[in-house]
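One structure below.
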Amino acid sequence: MTTLAERNEPAVAEKAVGRPRVVVAGSTSYRVLQLVLLVAAVCALLLASQSAPFRVGQFTSVFIIAIAIAGLNIVSGYTGLLSIGHSAFFGLGAYTTGVLIVDRGYSPLTTIPMAVVLCFALGLLVGLPSLRIKGLYLALVTLAVAVAFPEVIRKTGDLTGGAAGMVVRANLLVPPKWTGLTRADTYLWIFWVSVVTLAVVMLLIRNLVKSRFGLAMVAVRDNEIAASANGINVAKVKILAFGLSGAITGLAGSLFTMYIGALSPESFSLMKSIEFITGLVLGGIATQFGPIVGATAVVFLPYYTGSVTDGPVSGVVFGAVLIAIVFLMPDGIVGRINSVLRRFVLVVPADHPKYREGEPRT
């Protein structure tokens, strides 16, 4: 005859095995985990910077697109406003930097503030229709912006070069003297500039999402009527979200000019917006690291599927891979990774109710 303790022993053992390790935010274990991840990221970046110039260029492209997707994530991920017009912000930032370098003699880095300001203003204007319409109707408005932007570039040939495009000569994109890099090391300079910019953008967005304004964005996304009833200025949140989103995407466009050095209207067509949306969905909507993972997917997946097969078949393979990822990971790659990691390590806030009751902290 078994005792009560013996009957409960399997359940206790199963609970002990299946229970994840809890890490409280701000604790020593949490800081150690952050430090380990930071060291791993720095080592990976140093290793990537030692790759061949072509591979370094691919990584740079990933970082730039990740910044653009992070901007899209603000308005579509955290605020819930579908936008298909972010290629216009990306293009405006790119052409602002190109015009200031070629026609005004600015150094590349000094053009970034102007590009950010102009794209912020455009974002505010594009966000105005969101006060009256939403859903697919708002998507159509942003779609019109994306379609119109290349035509505007073609019609302003005196400023942008029109259909012929604009070329920023390599001697205008050389690294500053204080870096110790030469003209031949320009690709490394843009690589590290993109890395630092992406890190700053991710940190700012992380703090934004945790702020009162960030909570207001999420509230508007989840239930606009309830958010308004609780005193949130829905109109202000929507317009500012579009402005901030446009500014960050324009920042990515500015870096794109420094990286590619050649601009044309076709580079900022509707396909660029679709690329951003694809990266956002693949990486994970409203996730912190989703833009980085999504950008990696949209840069490297076409490259590797193209190396496996040639011609139209490569596009079919790429499409099949996208469908498989979306089907198997509906929450995105980062969402799936987070769900798996939570089985082993669970990070909880310091003010979690259970830990206020005196349960042990890790």
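Structural remarks
- Carbon + sulfur, % of accessible area of the stretch 192-333 - ligands and nucleic acids excluded, 1.4 Å: 71 percent
- Length added when fully stretched, Val313-Ile133, from 0.36 nm per residue minus Cα-Cα: 60.8 nm
- Counting charges near Gly98 (Lys, Arg +1; Asp, Glu -1) among other residues having Cβ under 12 Å from its Cβ returns a value of +1.
- Per-residue extension of 0.36 nm, minus the Cα-Cα distance of Leu341 and Leu124, leaves a gain of 74.3 nm for this segment.
- Ordering of 222-232, 187-197 by packing is 187-197, 222-232, highest average first (other Cβ atoms within 10 Å, averaged per residue).
- Prolate/oblate/rounded label for the stretch 213-320 (Cα gyration tensor, a/c 1.5): prolate
- Charge tally in the Cβ shell below 15 Å around Pro176, where Lys, Arg are +1 and Asp, Glu are -1, Pro176 excluded: +1
- Entries of Lys177/Lys236; Lys210/Lys272; Lys238/Lys272; Lys236/Lys272 with Cα pairs more than 32 Å apart: Lys177/Lys236
- Accessible surface for the stretch 178-268, divided over its residues, is 46 Å² per residue with a 1.4 Å probe.
- Fraction of accessible area attributable to carbon and sulfur, the stretch 37-101 (%, probe 1.4 Å): 80 percent
- Volume per residue that the Cα convex hull of the stretch 232-271 spans, once the total is divided by residue count, Å³: 74 Å³
- Gaussian network model of the chain, springs between alpha carbon atoms under 10 Å - residue of Ile333, Ile133, Ile285 with greatest fluctuation: Ile133
- With the helix formula -39500 (n - 2.57) applied to DSSP H stretches of n ≥ 4, the chain reaches a computed 222 nm mean residue ellipticity of -22500 deg cm²/dmol.
- Using a probe of 1.4 Å, the accessible surface attributed to Leu198 totals some 10 Å² when neighbouring protein chains are kept in position.
- Mean separation of Cα contacts under 8 Å (6+ apart) over length of the chain, as relative contact order %: 32 percent
The values are calculated or read from the model by the stated rules, or taken from the named source; none is laboratory data. As the structure is a prediction and not an experimental result, all values here were calculated from the model. Neighbour counts run over all protein chains shown; Cβ positions are idealised from the backbone, glycine included. These area figures cover heavy atoms from the full protein model, side chains too; ligands, DNA and RNA do not enter into them. Shrake-Rupley method; radii C 1.70, N 1.55, O 1.52, S 1.80 Å.
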